[in-house]
Structure formats: C-alpha cells, structure tokens
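Working notes, structure below.
The values are calculated or read from the model by the stated rules, or taken from the named source; none is laboratory data. Note that the coordinates shown come from a computational prediction; the quantities given were computed from them, not determined experimentally. Methodologically, a virtual Cβ is constructed for each residue, glycine included, from the backbone with ideal geometry; neighbour enumeration extends over all protein chains shown.
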Amino acid sequence: MAGITTHVLDTTSGKPGAGMRIDFSVLDNGSYRLVKTVTTNADGRTDHMILKPEDTQVGQYELLFHVEDYFRAQGLALPTPSFIGQVPVRFAVFDTKQHYHVPMLATPWSCATYRGS
C-alpha cells in the first residue's frame, strides 16, 4: 500500500497518543503549505490516510505534531514554556509506489520518529 500514514505513541503512559493534533503540509515554491489538519483517534492513528496513494507525489512534506497541547490535555504539569511544543517532521517522498509511515513516539521531554512500515 502506497501513500502516507502516521501514528502517535505516548511513551510516558505506554498508550496510544489519542487526541493529538497533526498538521500536514507540502513544500510548495520554497515554503510549506498546509494541506490539512487531523487528530489521532483512540488507537493513536488517524481515521484516514494522511495522503492517499493516488494523491501522493514525489516531493517534500511535513507533519507538525502538537506535542505540548496533547500533554497539557492529559493533565500533566508542564513548565511554561514547555520543553517541547510542536515537533515538525520533514521528509521526502522519492517513490510514489512505496508506503511512507511516519510515526511519533513522544513524552513531554523527548520525541522520536522513524520510517515505519
């Protein structure tokens, strides 16, 4: 399956990152243009693919994870300003026949991503 997907794991609790806002943008004429905003479901995934295979083109993309808002909504006591606010993950699609899964592992103090399957 080609296209772009993501999920969020809250590694503080060891549970899916349900309710995290993610902004999806594409690099267009030298700046990132917002395509859509999604929110993760109870499984920490989006209800639909970020970008369907037929809409995916070679290019540069960004997923902006709203980490601070998510953890504040969980009731965690965070400093102001928080250590991590929003986390941009920029990546390139170089082959539209491949699937690009870009997950986020997050705590209020650290984040990690990788190319998943």
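Of note:
- Residue in the stretch 1-8 that is modelled with pLDDT of 95 or more and under 17 Å from residue 108 (Cβ atoms) present: yes
- Looking across the stretch 106-117, the residues that are assigned to a loop (DSSP other than H, G, I, E, B) and either surrounded by 14 or more Cβ atoms within 10 Å (Cβ to Cβ) or among the small types (Gly, Ala, Ser) (or both) come down to 107, 108, 110, 117.
- Any hit, the stretch 1-20, residues being at positive phi, touching a helix residue (DSSP H, G or I) at 6+ places or on another chain (Cβ under 7 Å) and part of a strand (DSSP E or B): yes
- Flag for residue 70 being surrounded by 12 or more Cβ atoms within 10 Å (Cβ to Cβ), aromatic (Phe, Trp, Tyr) and part of a strand (DSSP E or B): no
- Qualifying residue in the stretch 29-41 (condition: in contact (Cβ under 8 Å) with a residue 40 or more places away in the chain and outside any strand (DSSP E or B)): no
- Qualifying residue in the stretch 9-25 (condition: modelled with pLDDT of 95 or more, of a type outside the set (A, V, I, L, M, F, W, C) and more than 26 Å from residue 108 (Cβ to Cβ)): no
- From 88, 103, 79, residue being under 16 Å from residue 6 (Cα atoms) and exposed (fewer than 12 other Cβ atoms within 10 Å of the Cβ): 88
- Residue under evaluation residue 12, criteria (1) touching a Phe, Trp or Tyr at 6+ places or on another chain (Cβ under 8 Å); (2) surrounded by 16 or more Cβ atoms within 10 Å (Cβ to Cβ); (3) within 15 Å of residue 112 (Cα to Cα), criterion not met: (2)
- Test result for residue 23, assigned to a helix (DSSP H, G or I) and surrounded by 13 or more Cβ atoms within 10 Å (Cβ to Cβ): no
- When residues in the stretch 46-61 are screened for being part of a strand (DSSP E or B) and either free of Cβ contacts under 8 Å to residues at least 12 places away in the same chain or surrounded by 18 or more Cβ atoms within 10 Å (Cβ to Cβ) (or both), 2 of them pass.
- Considering the stretch 63-99, and only residues there that are of a type in the set (Phe, Trp, Tyr) and under 17 Å from residue 44 (Cα atoms), the residue that is farthest from the chain's Cα centre (by Cα) turns out to be 71.
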